[in-house]
Amino acid sequence: MKRVVKRLRWLAFIALSLGVLACSDKNDVANITISEEPVVDRIFLDVYKSPTCTCCDKWVTHVEAAGFEADVHQPTDLNKLKADKKILPRYRSCHTSVSKNGYVFEGHIPANIIQRFIANPPSGAIGLAVPGMPVGSPGMEIGNLHDAYDVLLLRKNGESKVFEQIDRVH
């Protein structure tokens, strides 16, 4: 229902914008200054999770607050989906997200890191992973506690390397 409301608001914004342009004087439209700021495309993710996992729900809220569009799915065999997406067991966490261009994002990855990855995906990459469930990662907040953890770059050949280190002090 939340996604439907968001889509309706977006459609209303587009309709209003088109109405304003249609009613504007041609000279007014000609004088519009286009911002030189880059336009960031909205990132769409299909999120696969257990129906009972509340930390996954919190992570979805985190990415949506960062401007992502998330469609949540609850497959009967989450491990099969992870295997089909070539996510090896040592890289797994509680949820798997897949972008529209096929990149996988396993676990509690901060939204800004996903945005940077999608803006410039490394050659040979299938996506990113935060194995396990580190305390303090998005969706795993527990007061002021924070674990240091690595966001791993997953490669098509099954290898990984550190994409970014998240260093936090307890």
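Go through SER123, SER137, SER93, SER99 for me and flag whichever is polar (S, T, N, Q) and in contact with a Leu (Cβ under 7 Å, 6 or more places away or on another chain). Break it down into steps so the answer makes sense when it comes.
Values: SER123 fails: in contact with a Leu (Cβ under 7 Å, 6 or more places away or on another chain); SER137 fails: in contact with a Leu (Cβ under 7 Å, 6 or more places away or on another chain); SER93 fails: in contact with a Leu (Cβ under 7 Å, 6 or more places away or on another chain).
Among SER123, SER137, SER93, SER99, only SER99 is polar (S, T, N, Q) and in contact with a Leu (Cβ under 7 Å, 6 or more places away or on another chain).
Going through region 48-77 one residue at a time, which ones are touching a residue at least 40 places away in the same chain (Cβ under 8 Å) and more than 17 Å from the chain's Cα centre (by Cα)?
If the condition is that a residue be touching a residue at least 40 places away in the same chain (Cβ under 8 Å) and more than 17 Å from the chain's Cα centre (by Cα), then SER50, CYS53 are the ones that fit.
Can we say ALA111 is without any contact (Cβ under 8 Å) to a residue 24 or more places away in the chain and among the hydrophobic types (A, V, I, L, M, F, W, C)? Full working, then the answer.
Details: without any contact (Cβ under 8 Å) to a residue 24 or more places away in the chain: no; among the hydrophobic types (A, V, I, L, M, F, W, C): yes.
So ALA111 does not fit the description; no.
Could you please find all residues in region 108-121 being touching a Phe, Trp or Tyr at 6+ places or on another chain (Cβ under 8 Å) and either farther than 18 Å from TYR48 by Cβ or not in a loop (DSSP other than H, G, I, E, B) (or both)?
Restricting attention to region 108-121, the residues satisfying the condition of being touching a Phe, Trp or Tyr at 6+ places or on another chain (Cβ under 8 Å) are 108, 111, 113-114, 117-118, 121.
Correct list: ALA111, ILE113, ILE114, PHE117, ILE118, PRO121.
Has region 76-91 got any residue that is surrounded by 11 or more Cβ atoms within 10 Å (Cβ to Cβ), assigned to a helix (DSSP H, G or I) and among the polar types (S, T, N, Q)?
yes
Residue by residue, here is whether (1) more than 22 Å from VAL60 (Cβ to Cβ); (2) among the hydrophobic types (A, V, I, L, M, F, W, C); (3) surrounded by 17 or more Cβ atoms within 10 Å (Cβ to Cβ); (4) under 18 Å from the mean Cα position of the chain (by Cα) holds:
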residue	(1), (2), (3), (4)
HIS108	no, no, yes, yes
ASN112	no, no, no, yes
ALA125	yes, yes, yes, yes
GLY143	no, no, no, no
HIS146	no, no, yes, no
ASN157	yes, no, no, no
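From VAL135, VAL162, grab the single residue that is more than 17 Å from VAL98 (Cβ to Cβ), of a type in the set (A, V, I, L, M, F, W, C) and exposed (fewer than 15 other Cβ atoms within 10 Å of the Cβ). Talk me through it step by step, then tell me what you get.
Details: VAL135 fails: exposed (fewer than 15 other Cβ atoms within 10 Å of the Cβ).
One residue alone meets the criteria, VAL162.
Has region 135-158 got at least one residue that is among the hydroxyl-bearing types (Ser, Thr, Tyr), under 19 Å from LYS85 (Cα atoms) and modelled with pLDDT of 95 or more? If you could, list the steps in order and put the result at the bottom.
Here is the first cut: in region 135-158, the residues among the hydroxyl-bearing types (Ser, Thr, Tyr) are 137, 149.
Applying the additional criterion that residues be under 19 Å from LYS85 (Cα atoms) yields none.
No, because not a single residue in region 135-158 is among the hydroxyl-bearing types (Ser, Thr, Tyr), under 19 Å from LYS85 (Cα atoms) and modelled with pLDDT of 95 or more.
Within region 58-113, which residues are at pLDDT 95 or above and β-branched (Val, Ile, Thr)?
Those that are at pLDDT 95 or above and β-branched (Val, Ile, Thr): VAL60, THR61, VAL63, VAL72, ILE87, THR96, VAL98, VAL104, ILE109, ILE113.
Would you point out which residue out of GLY67, GLY107, GLY102, GLY127 is within 20 Å of PHE44 (Cα to Cα) and in contact with a His (Cβ under 8 Å, 6 or more places away or on another chain)?
GLY107
What tally of residues in region 41-51 results from selecting those that are closer than 22 Å to LYS85 by Cα and assigned to a loop (DSSP other than H, G, I, E, B)? Show your work before the answer.
Going residue by residue through region 41-51, those that are closer than 22 Å to LYS85 by Cα are 43-51.
With assigned to a loop (DSSP other than H, G, I, E, B) added as a condition, the list becomes 43, 49-51.
Residues meeting the conditions: 4.
The values are calculated or read from the model by the stated rules, or taken from the named source; none is laboratory data. Please read these numbers as outputs of a predicted model, since none were measured by experiment. Because the Cβ atoms are built from the backbone with ideal geometry, glycine has one as well, and the counts that use them run over all protein chains shown.
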